[in-house]
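Undergrad: Sending over a structure as structure tokens; questions will come in a sec.
The values are calculated or read from the model by the stated rules, or taken from the named source; none is laboratory data. Note that the coordinates shown come from a computational prediction; the quantities given were computed from them, not determined experimentally. Here the Cβ positions follow ideal geometry from the backbone for every residue, glycine too, while neighbour counts run over all protein chains shown. Side chains are part of the model used for accessible areas, which takes the heavy atoms of the whole protein and leaves out ligands, DNA and RNA. Shrake-Rupley method; radii C 1.70, N 1.55, O 1.52, S 1.80 Å.
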Amino acid sequence: MVDVLDSIDAAALRRWAYRCVDSLTARCDEINALNVFPIPDSDTGTNLMFTFRAAVESMRSAGSAADTRAVGRALAVGAVAGARGNSGVIVSQLLRAVAEAAADGPLDTVSIQAMLRRANVLVSDAVSVPVEGTMLTVLSAADRDASAHDANVGLATLVVDIAEATARALDSTTDQLSELREAGVVDAGALGLSVVFDALVEVVTGRTPPRRRYRRPLDHERSLVGETSRAASDCDGVVEAVPGSSHGRPLGYEVVYVVHGIDDSRATALRAALTDLGDSVVVAGDGSGAWSAHVHTTDPGGAVDCGIAAGDVRGVRISCFGMVEFAATTGADAPGGAALSVGRDILALVAGDGAAGLYVQEGATVVRCDEAIDSSVLHRAIVGTKHREVLVLPNGALSAQELVAVGAAARADGKDVVMLPCSAMVQGLAALAVHDAARAAVDDAFTMSEAAAGTRWGSLRIAQERSLTWVGMCEPGDSIGLAGQEVVIVAARPLDAGCRLVDQLLATGGELVTVLVGAQASEDFGAQLAEYVTGAHPGVDVVVYSGGQPGDLVQFGVE
């Protein structure tokens, strides 16, 4: 028999966060397919999933011994810092309300009611133009239902009733917004929020609420394919109005970034400034001076400049609707935009959500290479940076010949670009750690190159086919350890191969081992490797990061 909770402590809060990630991941495609408002860019499910992943990653960093208050706080900070899209910024405010409610300890009926009241206020304040039939409608329904209950009602009854009210409000969104009515769908973000409340029911009661699945009518789906394709082609030149734009404005880009060190009044001013530039404006804080800003606009450079005027801008992401997203540190102009500003950009080719987060936190521009990418992708990213000086961390994603060709093409386009000799992401992180924008570009490039070269690196992979290596034959399924590009270990078990590879990398000394854990590794694999390093190599520090990169189970860096 499943135990029903009467309060939500730190462990239950963690389970809820993990369950949100799992549920949003499972229904990501369904939510994406319903996305028609405010822009039919089919990414709401993806944005919600990545926002919760960022929250969970922050929660993990708080440690397994963190109490309810610390877990709630970490979730809010991670969600605001990693918020994706309009929906991600909005849901970050729900987690901020959770953090505030958890400040006094485990959540009970009264604190859940207070949490929803606070979330409703935070979201209403954050959104520049609230619209009925969206996530705000569903959140308001949850708040009203919770407030209608007596404070003595059981927690299980409360969360079940909230989830039911949320589901009913979700179904009503179709008739509340003309875009949804025309498409015959519910609001995508509202569905995501309903999934989040259902996950809470599962944690508290142990039961998953039965829910229908939603899909877009086939005729409208066909029409949207044409609309999205036209929007994508428009981004190659003059950006024209795309379906879902409001106030008759052409909305060609989505801009999201985090501003640090500002208060409520400056956030309000930033919200007003972004509203002058575009639509779908949300500026939402984590309660400790960090604010996530979101806007749809045809002037992405101007939107970033608004943030720079307000405070310390980090982790800028600029997406052309229908195009591939890229991140920037200080801004990016639309094609044919203003002259480049003085400064320097760092571009890094990165695979994996966790690894991308590490690079963005260090101020780098991330170009994703989870799958093989064409050199033209890097060229476009270089040309799209705001500054003339660009240092590139290739991290082994492109060949030397391709990098030479990209560098020549970028210089012909007016960029002063330097390709740094980084063969792996762990080397790129070491280079980024010594980056100093105050130095001359040539000196900065030399120092970063020296740091990369001083980092020995290796990787652990699973063999896909039978082949002969320098250390013998490997069979499919064997664990192989590489020092640089050479296979030096073949073993049956990944942990054995990883420990032996660490021994080889440390054979000539080292003070710090960085472990970047890949997507295919088990959840505790990084901790097992760290325990081995600590025991077998006293005096050597070890740090473990969740990289999420495909292919490599682990990347090691030794400094």
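Undergrad: What value, in deg cm²/dmol to 500, does the helix sum -39500 (n - 2.57) over DSSP H runs of n ≥ 4 give at 222 nm once divided by the residues of the chain? Don't jump to the answer; show the numbers that get you there.
TA: Values: 20 runs with 265 residues, N = 559.
Per the formula, -15000 deg cm²/dmol.
Undergrad: For Gly352, what residues show an amide H to amide H distance below 5 Å, using hydrogens built from the backbone and excluding near sequence neighbours?
TA: Result for Gly352 returns Cys369, Asp370.
Undergrad: Based on the mean of other Cβ atoms within 10 Å per residue, sort peptides 166-178, 286-298, 379-391 so the most packed one is first. Can you show the working numbers first?
TA: Working: 166-178: 18.5, 286-298: 23.4, 379-391: 21.5.
Result, highest mean first: 286-298, 379-391, 166-178.
Undergrad: For region 178-193, in order, what is each residue's ³J(HN,Hα) by Karplus, 6.51 cos²θ - 1.76 cosθ + 1.60 with θ = phi - 60°, in whole Hz (x at glycine and Pro)?
TA: 4, 4, 6, 4, 5, 7, x, 10, 8, 6, 5, x, 5, 4, x, 5
Undergrad: Taking the highest mean first, how do the peptides 109-122, 198-211 order by number of other beta carbon atoms within 10 angstrom per residue? Let's see the in-between values first.
TA: Details: 109-122: 20.1, 198-211: 18.1.
Ranking the peptides 109-122, 198-211 by packing returns 109-122, 198-211.
Undergrad: Per Stokes-Einstein, at 25 °C and 0.890 mPa s, what whole-number D in µm² s⁻¹ belongs to region 48-155, with the Kirkwood radius over Cα pairs as the hydrodynamic radius?
TA: 173
Undergrad: Give the ranking of Leu460, Leu495 by solvent-accessible surface, highest area first, calculated with a 1.4 Å probe. Mind showing how you got there, number by number?
TA: Working: Leu460 0, Leu495 40 Å².
Largest to smallest exposure gives the sequence Leu495, Leu460.
Undergrad: Given a 1.4 angstrom probe, I'd like the percentage of the accessible area of region 412-459 that is carbon and sulfur, rounded to a whole number. Before the final figure, lay out each step's value.
TA: Details: 1130 of 1970 Å².
The C+S portion of the solvent-accessible surface of region 412-459 is 57 percent.
Undergrad: A follow-up question, please. Carbon and sulfur: what percent of region 45-107's accessible surface (1.4 Å probe)?
TA: Values: 950 of 1890 Å².
Accessible surface attributable to carbon and sulfur in region 45-107 totals 50 percent.
Undergrad: Given a cut-off of 36 Å, what percent of all Cα-Cα pairs of the chain lie beyond it? Spell out each step's value before the answer.
TA: Working: 58651 of 155961 pairs.
In whole percent, the share of Cα-Cα pairs in the chain beyond 36 Å is 38.
Undergrad: Which value, in Å², gives the accessible area per residue of the chain when a 1.4 Å probe is used on the protein heavy atoms? List each step's numbers first, then the result.
TA: Values: 23040 Å² over 559 residues.
That works out to 41 Å² for each residue.
Undergrad: If one computes the Cα centroid of region 471-486 and of region 124-199, what distance in Å separates the two points?
TA: If we compute the Cα centre of each part, the gap is 52 Å.
Undergrad: Just from the alpha-carbon atoms, what are the Rg and Dmax of region 407-559 in angstroms?
TA: Computed over the Cα atoms of region 407-559, radius of gyration and Dmax are 17.2, 53 Å.
Undergrad: Which whole-Hz couplings ³J(HN,Hα) result when phi for each residue of region 497-502 is put into the Karplus expression 6.51 cos²θ - 1.76 cosθ + 1.60, θ = phi - 60°, listed in order with x for Gly and Pro?
TA: 5, x, 5, 5, 5, 4
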